[in-house]
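Scroll down for the structure; my scribbles are underneath it.
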Amino acid sequence: DEAAKLYEQVIHKTRGKSAIAYQAYIDYLQGQYATALQENRGSVPALGAKLVENMEKLYQLNKDPMLLYRTGQLSLALGNCDEALRLFKESEKVFSASNEYAHFASRLVSALEEGRCRQGGL
């Protein structure tokens, strides 16, 4: 799709150093992903994987722990349990101890380590 190619060109031209470019691309991909889910399209896994990839790249630039947590949620929804576990463990470490999402991440880590994972969530 032409819009995705343009976003990818911008990211390439900025050498992957523009958080704004990644955020714009992620916003676009999220819209495409939501539409694909609603219409039950076969492109859901590919769009989800592209979202995860770009969300992780954005995290490397802005270090927003909430982004890391959300990426874990998306990975879990896609049934990528090992990836979700890795992301929740990392988010658990980077949230401040008083942040409620550190607690949520910890609970998800425990559930995933117990093997409670399936396509679409726990």
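For the reader, a short list of remarks on this structure follows.
- The lone exception for residue 53 - which of (1) touching a helix residue (DSSP H, G or I) at 6+ places or on another chain (Cβ under 6 Å); (2) open to solvent by 40 Å² or more (accessible area, probe 1.4 Å) it fails: (1)
- The conditions of being among the hydrophobic types (A, V, I, L, M, F, W, C), closer than 27 Å to residue 11 by Cβ and either crowded, with 20+ Cβ neighbours inside 10 Å or in contact with a His (Cβ under 7 Å, 6 or more places away or on another chain) (or both) are met by residue 76.
- Some residue of the stretch 13-22 being loosely packed, with under 14 Cβ neighbours inside 10 Å and either in a helix (DSSP H, G or I) or within 12 Å of the chain's Cα centre (by Cα) (or both): yes
- Selection of the stretch 105-119 for residues being out of contact with any Leu (no Cβ under 6 Å at 6 or more places or on another chain) and over 14 Å from residue 67 (Cα atoms) yields 106, 107, 108, 109, 110, 113, 114, 115, 117, 118, 119.
- Scanning the stretch 56-66 for residues being crowded, with 17+ Cβ neighbours inside 10 Å and closer than 11 Å to residue 101 by Cβ gives a total of 1.
- Number of positions in the stretch 50-103 that are part of a helix (DSSP H, G or I), farther than 25 Å from residue 37 by Cα and aromatic (Phe, Trp, Tyr): 1
The values are calculated or read from the model by the stated rules, or taken from the named source; none is laboratory data. Keep in mind that this is a model prediction, so the values were computed, not measured. Reconstructed Cβ throughout: ideal geometry from the backbone, glycine too, with neighbour counts over all protein chains shown. With ligands, DNA and RNA removed, areas are computed over all heavy atoms of the protein, side chains included. Shrake-Rupley method; radii C 1.70, N 1.55, O 1.52, S 1.80 Å.
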